[in-house]
Each structure stands twice: as C-alpha cells, then as structure tokens.
Amino acid sequence: MNRFEFGMMVASLREDMRWTQLELAEKSGMDVSAVSNIERGTRRTLLKDNMLVKLADGLQLTTMERREFLFAASGVAEADAVRKVNHRAKTQFDPKTFLEELGKHIAGIAAPLLVTDSFCDILLANHFALEYYNTPAALIKDVDSAVGGYNMMRYVFHTDSNFQDDIKDENWEMQALFNLRYFRRRTLRVRSKPYFSALMKEFLDNKKYPSFERYWRKMLFESFDYYSAPIEKPDPENSNAVVGLESLLAVTPYGELFLQQMLPMNKKTNKRFEKIMDKVGEGYKQFSPFPDKQK
C-alpha cells in the first residue's frame, strides 16, 4: 500500500468515527497538520513507529486491526508482496485454474468450507457449506448482478437472509458485532479500492440491510477484543457446537485468499455433519469472480 492509499485508509477510518482531522489529532496526541499530511499521502510527514502507534490508539483499533494497519503502513505494494515469477520454471499464478483445482479439493470435505477474498466475498463454497448455512435461494439467484454478490455480510445482514432466524435472540447482537468486527479487520487494507466503497454503500442501504448501520456504529465503539477471548467448552448435547477457523490460503498478485471452515466440537455435532455429507455428497459452487471484478 503506497502513501496515498494509506492516507485514504486513515481518512476512511476517521470518517467511520465521524471525527474531523482535528478530533483525530487530539485523540492521537498528534499535530493536526501531521494528520492532514498523512491523509493526503504527502511525504512531508515521516511515518515514524510512534506516530503509527498513536494513530492506531486514537482510532481505537483492536489487536488484529492494528496488525493490518501497521502492515499497511509499510509502503509495500500488494503485487510486491508476492515472490517474483521464476521464468526458468515457466510457472505463474492463473486464477481460473487455481479456483478450479481448489474447488475440486474442498468438494469432498465433510465440513463447511468457504474460500473468501480480502473483501469477504465468497469465491467458493462446498455443497456441505450451502446445506449447513441453509442459504436462501433469494440470496443465490442474483449473486452475479448484486453488489457484494455472495459477500459474508450480505449473508448475515440482508433482509432475505435467515441468519438471524437461526440464532437465539440473546446471541444475535453478539454475532452481529462479531461479524462486523471481522469484516472491518479483513477489509482494512483494501479501503482505498473503489469496490470497498461500493460495498459499504450497498450495506448502508437500510431497506436491504435494516440492521447493518446500527450495529456498524455500535461495533466501532465496542471495547471488547473478540480475538483474545478463549474458546468456550460446548454443551455435549448441542448438535451445533462448532468453532470457526480462518487460514491464509494464498497470497496472490491480486490479493490474499482465505479458507473459512467450521469444525465440530462434540460427538453430536460430528454425527450431524455425517448426516449432512450423506445428504448432499461431494461438490462445490463458485460465486464471486476472482479477480475479474473492479476492485
């Protein structure tokens, strides 16, 4: 991320909080001119370590968000994070072939598996995941035309989603805040992309996403850091006792890809997973294109 893109990210994070540059400067213990220079991407202000920490503190970033923020400040472009192609080996990354091969690999795994990009768009889902999440047909039919397609936040917050219906009322707010915190962290380094702005415009449409904006605002001022909480021991009689895991799957010239998976945490859930696999069998579906959409 170059200095201009980093400045756009800082400005975007500040605007999330509805602060002026002066307010961010005061909360960060910095001079307002330094904040202004950073947001404009000028090299007049050096991005010193203590300055970055002050900004992270002022913006109230969580531990995981701070990691993304500090990496973004390195000035290394996305494409430069990938090792240069060895021309003697005559190999290079081909997105289409990669996704086809990956789809075949995840198709037969007896657990919900998703492949997502840095915007939390779902690129691939095995048949097990589609059955497990009970994805409504209304969300599937227009994935090729809707902004966000089959984005994880679309599945959680869209008015046609059944996500909230499957969660007990007392747990819904926690799940909403957790998912938004995850989305914010994952998209931190792509905030300068036009596609992120298009996503946020879509999600802030209260007719389509009636609760997104309310929980987005609440999440910004939550002090709890979800990523430092231990995994709770599940009820042995709960057939939906799972733990969600995220793995960095690939670093490509077009951005990072992640593997999202749910693992069973007791015998009852194991048996439920076996029944799902017997019902749907092997297979996968590709949703959002990669990298063939404007980001």
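Throughout, read-outs are computed from the coordinates displayed, never taken from laboratory work. Since this is a predicted model, take the numbers as computed values, not measurements. Methodologically, a virtual Cβ is constructed for each residue, glycine included, from the backbone with ideal geometry; neighbour enumeration extends over all protein chains shown.
Sorted ascending by nearby beta carbons within 10 Å, beginning with the fewest, 63, 135 become 63, 135.
Each of 3, 217 was scored by other Cβ atoms within 10 Å of its Cβ. Arranged with the fewest first, they read 217, 3. Taking 259, 245, 113 as the candidate residues, the one with maximal mean-square fluctuation in a Gaussian network model of the chain, Cα springs under 10 Å, is 245. Under the criterion of Cα pairs below 8 Å and six or more residues apart, the relative contact order for the chain equals 24 percent.
In a fully extended conformation the segment linking residue 31 and residue 233 would gain 68.0 nm over its present Cα-Cα distance, using 0.36 nm per residue. Think of the chain as having a plus end and a minus end, set by charges on the Cβ of Lys, Arg, Asp and Glu; of 77, 32, 162, 77 sits farthest toward the positive end of this dipole. Could you state the angle between the C-alpha long axis of helix 63-72 and the longest principal axis of the C-alpha atoms of the chain, as a value from 0 to 90 degrees rounded to the nearest 10? The angle comes out near 60 degrees.
With runs of 4+ DSSP H residues as the only contributors, calculate the mean residue ellipticity of the chain at 222 nm using -39,500 (n - 2.57) per run, divided by the residue total and rounded to the nearest 500.
Dividing the helical sum by the residues of the chain leaves -13000 deg cm²/dmol.
Calculated from the structure, Rg and Dmax of the Cα atoms in Å equals which of (i) 20.4, 62; (ii) 17.1, 53; (iii) 19.5, 57? Comparing each candidate, only (i) matches the computed number. Here the Gaussian network model covers the chain, with springs between Cα atoms less than 10 Å apart; of 279, 271, 233, 233 fluctuates the most.
Residue pairs exceeding 25 angstrom between C-alpha atoms, taken from 168/268; 168/275; 104/193; 96/285: 104/193.
In summary, the aspartates and glutamates within cross-link reach of residue 267, defined as a Cα separation below 15 angstrom excluding same-chain residues under 8 places away, comprise 235, 237.
Exposure proxy for 191, 83: other Cβ atoms within 10 Å of each Cβ, ordered fewest to most, give 83, 191.
Under the convention that each Lys and Arg Cβ holds +1 and each Asp and Glu Cβ holds -1, the size of the dipole of the chain around its Cα centre is about 760 debye. Both the radius of gyration and Dmax for region 3-77 are 10.9, 30 Å, in that order, over alpha-carbon atoms.
Charge dipole of region 198-295 (Cα centre as origin; +1 on each Lys and Arg Cβ, -1 on each Asp and Glu Cβ, all else neutral): 360 debye, rounded to the nearest 20. For the chain, modelled as a GNM whose springs connect Cα atoms under 10 angstrom apart, the maximal fluctuation among 188, 47, 139 occurs at 47.
Roughly how many debye, to the nearest 20, is the charge dipole of region 3-77 about its Cα centre, given +1 on each Lys and Arg Cβ, -1 on each Asp and Glu Cβ, and no other charges?
That gives region 3-77 a dipole magnitude of about 240 debye.
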